[in-house]
Amino acid sequence: MAKGSKPSKPGKAEAARPKKARRAAALPLPAPLAASPDLAGAKPPKRVRRAESRHLAPLEIAAGRDAAVLDRLWNTVEERRLAGDANASHSARLIARGTAKVAQKLGEEAVECVIEATQGNRAETILESADLLYHLVVVWVDAGIQPGEVWAELTRREGIGGLVEKASRPKGIVRAARTTKLA
């Protein structure tokens, strides 16, 4: 478009078509959806389109950046716990304050991560996710849980739908939590 020129208005033939038909022409739907009379020409709400453009950006992971970092982090936190030098290590200091404090810090980081994610702050969500994972690893070390145990449980759950997995949980967990949201 030339500088200073106005965007062209639709011609008479285009303007005569209903707005829904013009929209459908601009956004082609996948074949199964296009056949549905209810969805033909449907456009997601603006807030949905914004969220999708923000969250569905291509994921680029540099070589050497993978989940093995969590195993290395666990080893480091375990070494600091064994050394027990609360003056030199944040991890040792946190563990020395007790399980309740370790769990409280995990909860705080989880809330911060949720806030950033809800606000759509991608970079901050990444930072808070790293904090959350660190504090989760501290909880594991404090509880004597090795990463391999968690990986084994994740592997066990692979291919099992979330509803099926939840239904298989012992009912005692639901009673202990005093909620029906886990059921």
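The values are calculated or read from the model by the stated rules, or taken from the named source; none is laboratory data. This structure is a prediction, so every number in the text was calculated from the model and none was measured. No Cβ is skipped: glycine too gets one built from the backbone with ideal geometry, and neighbour counts run over all protein chains shown.
Counting residues in segment 119-141 that are more than 22 Å from Arg65 (Cβ to Cβ) and modelled with pLDDT of 95 or more gives one or more. Consider segment 76-89 and keep the residues that are in contact with a helix residue (DSSP H, G or I) (Cβ under 8 Å, 6 or more places away or on another chain) and in a helix (DSSP H, G or I). The one that is surrounded by the fewest Cβ atoms within 10 Å (Cβ to Cβ) is Ala83.
If Ser129 passes every condition in (1) surrounded by fewer than 13 Cβ atoms within 10 Å (Cβ to Cβ); (2) in a helix (DSSP H, G or I); (3) not hydrophobic (A, V, I, L, M, F, W, C) but one, which one does it miss? Among (1) surrounded by fewer than 13 Cβ atoms within 10 Å (Cβ to Cβ); (2) in a helix (DSSP H, G or I); (3) not hydrophobic (A, V, I, L, M, F, W, C), the lone unmet condition for Ser129 is (1). Kindly establish whether Arg97 is over 22 Å from Asp71 (Cα atoms) and in contact (Cβ under 8 Å) with a residue 40 or more places away in the chain. Judged against the criteria, Arg97 is not a match. For the criterion of being closer than 19 Å to Leu73 by Cβ and of a type in the set (Asp, Glu), Glu116 fails.
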